[in-house]
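Computed from the coordinates by the stated procedures, all read-outs in this text should not be read as laboratory data. On a predicted model such as this, the values are computed, not experimentally measured, just so you know. For neighbour counting, all protein chains shown are included, and Cβ atoms are generated from backbone atoms with ideal geometry for every residue, glycine included.
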Amino acid sequence: MEDMGGMRHHLMCPISLQPMQDPVTAPTGITYDRRAIERWLAAGHATCPVTGQPLALADLTPNHTLRRLIQSWPPHSTPPPPPGDNKPVDDVAKALLSTSSRPPVDVLREAADVASQSDVARRNMVDAGVLQRVLRLAVSCAKATSQDDMPIIEACLDLARALAVSGEELRQLRAADNNHVHDIVDAVTDVLGALEPGSGPGDAARASAVRLLDAVTESCGAPVLERLRPELFRAVTAVVRDRVFVSPGATRSALRALLHACPVGRNRALAVEAGAAHEAIELLLDAPPPPPSSTAGGGGRRATELAMALLAELCACADGRAAVAAHPAGVAVVARRLLRVSAAADACAVRVLAAVGGRAASPEVLREMARVGAVGKLCCVLQADCDGGVKEAARAVLRLHSGVWSGSPCVSAYLLSRYL
């Protein structure tokens with residue numbers, strides 16, 4: 001029994017203290033349940049909960065060996081679900097799935113509590129179709145634009161977040177039926193588009209909606225991303241623009257949702273058309289850079305990294321490059337952040353400057369790059385302890401226009417010639 005109890009301890013997630021369903025391992029060697037660690041990171045944390053070391057979602061790797069062990073473990077040797085789980089799930093699901101009446105706010109909140117406390121209850125509700133029901137309800141209330149409906153919209157979105165399926169579950173859903181995942185994205189888009197900024201409760205609802213959208217778009221595949229509507233990009237970009245009204249976590253979720261969509265070419269153009277490049281630059285202007293010696297994570301640093309990453313993705317298309325060059329402070333703010341935030345931000349900043357200052361760059365853009373210090377910063381990259389690929393990208397753009405910049409009074413000809 002002691003061996004069984006000790007083994008059971010290793011099957012528990014350090015965050016939820018419940019048996020893991022989809023174990024993933026961090027570079028620190030700690031294993032978590034995927035849903036629990038994704039929630040931790042989505043809440044704005046950037047460190048391993050156990051060790052305190054830096055951690056990002058991309059760092060997690062599936063632990064297939066442990067997952068097989070969990071699946072083969074005798075059912076009676078894992079802790080049973082809390083008593084009474086099935087009854088609240090049955091009652092709540094029945095109330096929420098009723099088409100004859102709108103469920104009251106307290107029923108929605110009770111369902112969110114039950115789903116948050118028990119993964120078994122959450123899966124049962126998702127299987128019963130509760131997620132689709134509450135999202136449809138949130139859309140209908142949001143379109144009514146009545147302040148009286150704000151509490152029920154918030155409760156619907158809170159429940160939707162509590163029911164948020166893990167990345168692995170979303171992939172399984174997508175494999176079974178892409179239309180189901182697309183319906184979720186469409187519903188959240190409608191909610192975001194119907195809510196006005198600066199309305200207090202409405203902003204809280206927008207924050208919940210964009211966090212849900214972040215989680216869903218991260219795991220949905222190309223068939224869903226290719227069908228995203230222009231309204232989604234306008235609504236998500238508006239969350240970034242209205243960051244004074246929403247929480248910092250919602251702003252980061254909005255940036256991540258845009259990034260998730262960018263691998264599809266048409267989506268870059270839709271994001272630029274919605275003003276995403278402009279708002280990313282404005283965010284960089286508003287956020288004071290952290291001290292160069294700082295190695296801590298933090299929401300401000302993460303938002304800066306996400307904004308820079310979004311600009312790098314958008315600059316992969318001509319419209320994105322033109323938007324950065326057209327902004328009065330676009331080139332300057334990217335150059336100013338270079339070598340001041342993190343290695344990830346540096347790589348993206350060099351990508352932006354290399355794209356804007358590429359072969360098609362106009363003489364006006366090249367003069368601006370020299371005037372605002374972008375050329376000097378690219379030279380500094382060659383001296384700094386940067387990744388080899390980042391240095392090569394900086395060297396390539398410097399070589400491309402060295403004839404123009406070597407004659408500029410804003411650029412040190414000695415520095416330019418020394419590293420090329």
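What the table below lists for this structure:
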read-out	value
Contour excess over end-to-end distance, with Cα ends at Ala343 and Val50 and 0.36 nm allotted per residue	103.1 nm
Full-extension gain in nm, Thr65 to Asp183, via 0.36 nm per residue minus C-alpha separation	39.1 nm
Listed residues Ser362, Leu378, Ala349: farthest to the positive end of the dipole of segment 330-420 (Cβ charges)	Ser362
Packing-based order for 373-383, 246-256, using average beta carbon neighbours within 10 Å, highest first	246-256, 373-383
Inter-label distance for Ser402 and Asp319, nm, one decimal - labels placed 7 Å from Cα along Cα-to-Cβ	3.7 nm
Unit charges at the beta carbon, dipole of segment 204-265: most positive-side option, Val244, Ala257, Leu228	Val244
Estimated inter-spin distance, Asp387 and Asp286, nm [label 7 Å along Cα→Cβ]	2.8 nm
Rel. contact order, % - alpha carbon contacts under 8 angstrom, at least six apart, segment 198-292	35 percent
Label-point separation in nm, Glu226 to Ala43, each point 7 Å along Cα→Cβ	3.8 nm
Per-residue ³J(HN,Hα) for segment 34-39, Karplus 6.51 cos²θ - 1.76 cosθ + 1.60, θ = phi - 60°, Hz, x for Gly and Pro	4, 4, 5, 6, 5, 5
Amide proton proximity set for Thr47, modelled H, under 5 Å, gap of 5+	Leu55
Charge sum, other residues only, whose C-beta stays under 14 Å from Ala316's C-beta, Lys/Arg counted +1 and Asp/Glu -1	+2
In Hz, Karplus ³J(HN,Hα) per residue of segment 239-256 (6.51, -1.76, 1.60; θ = phi - 60°; x = Gly, Pro)	5, 5, 5, 9, 4, 5, 8, 9, 6, x, x, 5, 4, 5, 5, 5, 4, 5
